[in-house]
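*Asks:* Next up is a structure, given as structure tokens.
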2 protein chains.
Amino acid sequence: MTTELRVIPIKGIGEIPPGTDLGLLIYTALQQQNLSLEAGDILVVTQKIVSKAEGRTVDLNTIEPSPFAIKIAERYDKDARHVEVVLNESKRIVRMDHGVIVSETEHGFICANAGVDESNVNGAHLLTLLPVDSDASAKTLRARLQQLSNIDTAIIISDTWGRAWRTGQVNMAIGVSGIEPLTDYRGQNDPYGYELHASMISVADELASAAELVMGKIDQVPVALIRGYSYTPAEGTINTLLRDASTDMFR
Amino acid sequence: MTTELRVIPIKGIGEIPPGTDLGLLIYTALQQQNLSLEAGDILVVTQKIVSKAEGRTVDLNTIEPSPFAIKIAERYDKDARHVEVVLNESKRIVRMDHGVIVSETEHGFICANAGVDESNVNGAHLLTLLPVDSDASAKTLRARLQQLSNIDTAIIISDTWGRAWRTGQVNMAIGVSGIEPLTDYRGQNDPYGYELHASMISVADELASAAELVMGKIDQVPVALIRGYSYTPAEGTINTLLRDASTDMFR
């Protein structure tokens, strides 16, 4: 039975130094908003604050670009040190054209710039890298929140990615814990008795997208609480959402 | 200022014969749920009921497959009449492999099977085709709802599509009216004073995905009301979300 869904922005989360106890920070921010976690709640947390808390940042000034990075940077009018970091974060280059590098990360994600983002922190020009193991990041955060609140939530770590064929970016899931990220309707019947052939819904991606709507880019809202969504509890892994190379027509 | 978002399933919408006054049907369903439209409301409506109301269905038994469709169907173990309809709805085949046909529709959408879906209606095995002009469908529905309620809403017509590189499907926007589907943050600064380089958010796709979370596939919920999202009012067109061929690296 589907009921109303609420997507609630969690505010008051400021700058995130390395080593930040994200669970405590989010728990405190929820309290300041007079929100208590409830069973079945989902927290969507942007990659940027997870990466910062985990110290997954690089100061551009410490990077020595390779000749290849310098050549690519010149061709696309980019910063060679930035290109160097993108190459280092890539397992494989999928496309390199129009000034865009689409690569596959060690996690198996296929996205622009291997998920490397620019960020200003206290005047230093930093790059944020994706968490090394974003499922593990989600799991750690979930355990910490459970410790603090005694409530088992689902955690989705999200990042803002472009898509093939369509302009604009949307939030997608890059790490999960406590939720099965894919809902499989195959073999079930629709309301008209017709068997659903090709219906596996990537609910983790849809939840990440829903969360983005209350986050914005300018407002400083790196966490959203989603309440009222009936999901399948599971440890879960983002690998479920990664298409197998053997059926990937756009490698 | 971001506030809480509500995503509300609109229930009680039954089978949709051709010629159905969708605006009246949705208006009535809202009333039965004790909901009144408010300024700023967004209605996400699945393609399937729009196509059915517009008579964009084909009875498989009326289709004479071409030799090419027969050959493809044999290779992929499909119904040749279904393949024939997919070919007819395609402007161009993007990929044809692993039993999947990814094609570009006349609208410029790139999706599996040209958006052709199977559906059982009163025992007949029908295929639903995408609306001929899904922006126009959205515009007509918006005007009808405005006539009935005196409230100007935004309409998003959604469909459930797969993605490159990721398993599972998500809802995406295929037609809009009353909303600018893309929010462009380029040239603005993030909270840390850093200029946002590559931030155009496809809010129409995110809204469509958020709506899917209350629709499900088995529950018969083809319409969702989204309340509390501050969007940019505009006539809007889905063409804004279609990547130009010259920058499309996955054609």
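The values are calculated or read from the model by the stated rules, or taken from the named source; none is laboratory data. For clarity, every value in this text was computed on a predicted model and none was experimentally measured. We place every Cβ from the backbone using ideal geometry, glycine too, and count neighbours over all the protein chains shown.
*Asks:* So which helices (runs of 4 or more DSSP H) are wholly in region B:2-91 and hold at least 2 residues that are over 24 Å from residue B:104 (Cα atoms)?
*Replies:* Correct list: B:22-32.
*Asks:* Right, another one. Here's a check for you: in region B:111-136, which residue that is over 20 Å from residue B:90 (Cβ atoms) and among the small types (Gly, Ala, Ser) is surrounded by the most Cβ atoms within 10 Å (Cβ to Cβ)?
*Replies:* Residue satisfying both the conditions and the ranking: B:136.
*Asks:* Here's a follow-up. Of all residues being of a type outside the set (Ser, Thr, Tyr), part of a strand (DSSP E or B) and within 12 Å of chain B (Cβ to nearest Cβ) in region A:147-166, which is surrounded by the most Cβ atoms within 10 Å (Cβ to Cβ)? Just the residue, please.
*Replies:* A:166
*Asks:* I've got another one for you. Is it the case, given these coordinates, that residue B:108 is farther than 25 Å from residue B:61 by Cβ, in the same structural domain as residue B:69 (by TED's automatic domain parsing) and surrounded by fewer than 20 Cβ atoms within 10 Å (Cβ to Cβ)?
*Replies:* So residue B:108 passes the test.
*Asks:* Pairs only if they're at least six apart or on different chains, beta carbon under 6 angstrom, first in region B:8-31 and on the phi < 0 side of the Ramachandran plot, second of a type outside the set (A, V, I, L, M); list them, first residue then second.
*Replies:* B:8/A:4; B:9/A:2; B:13/B:222; B:16/B:52; B:18/B:55; B:23/B:144; B:29/B:12
*Asks:* Moving to a separate point now. Name the single residue that is farthest from the other protein chains (Cβ to nearest Cβ) among those in region A:95-134 being assigned to a loop (DSSP other than H, G, I, E, B) and among the aliphatic types (A, V, I, L, M).
*Replies:* A:132
*Asks:* Go through region A:167-177 and give me each residue that's buried (at least 24 other Cβ atoms within 10 Å of the Cβ) and either more than 8 Å from chain B (Cβ to nearest Cβ) or farther than 22 Å from residue A:222 by Cα (or both).
*Replies:* Scanning region A:167-177 gives A:173, A:174, A:175, A:176, A:177.
*Asks:* Give me a count of the residues in region A:145-179 that are under 8 Å from the mean Cα position of the chain (by Cα) and among the β-branched types (Val, Ile, Thr).
*Replies:* Going through region A:145-179 one residue at a time, the tally reaches 4.
*Asks:* Do you know which residues across region B:26-60 are surrounded by fewer than 20 Cβ atoms within 10 Å (Cβ to Cβ), among the hydrophobic types (A, V, I, L, M, F, W, C) and under 17 Å from residue B:9 (Cα atoms)?
*Replies:* Listed by number, the residues that qualify are B:29, B:35.
*Asks:* Any idea which residue in region A:211-247 is farthest from the other protein chains (Cβ to nearest Cβ), counting only those that are among the acidic types (Asp, Glu) and surrounded by fewer than 24 Cβ atoms within 10 Å (Cβ to Cβ)?
*Replies:* A:235
*Asks:* Among the residues of region B:13-48, which ones are more than 20 Å from the chain's Cα centre (by Cα) and within 12 Å of another protein chain (Cβ to nearest Cβ)?
*Replies:* Result: B:33, B:35.
*Asks:* May I pose another question? Give the residue that is nearest to the chain's Cα centre (by Cα), with candidates limited to residues of region A:95-137 that are more than 22 Å from residue A:18 (Cβ to Cβ) and acidic (Asp, Glu).
*Replies:* This residue is A:104.
*Asks:* Could I ask something else about it? Return a yes/no flag: does region A:61-71 have any residue that is surrounded by fewer than 20 Cβ atoms within 10 Å (Cβ to Cβ), in contact with a His (Cβ under 6 Å, 6 or more places away or on another chain), in contact (Cβ under 8 Å) with a residue 12 or more places away in the chain and not aromatic (Phe, Trp, Tyr).
*Replies:* Checking region A:61-71: not a single residue is surrounded by fewer than 20 Cβ atoms within 10 Å (Cβ to Cβ), in contact with a His (Cβ under 6 Å, 6 or more places away or on another chain), in contact (Cβ under 8 Å) with a residue 12 or more places away in the chain and not aromatic (Phe, Trp, Tyr).
*Asks:* While we're here: For region B:63-94, name all the residues that are modelled with pLDDT under 95 and under 30 Å from residue B:23 (Cβ atoms).
*Replies:* The answer is none; no residue qualifies.
*Asks:* With the checklist (1) under 15 Å from residue B:222 (Cβ atoms); (2) outside any helix (DSSP H, G or I) in hand, flag the one item residue B:137 doesn't pass.
*Replies:* Here residue B:137 clears every test but (2).
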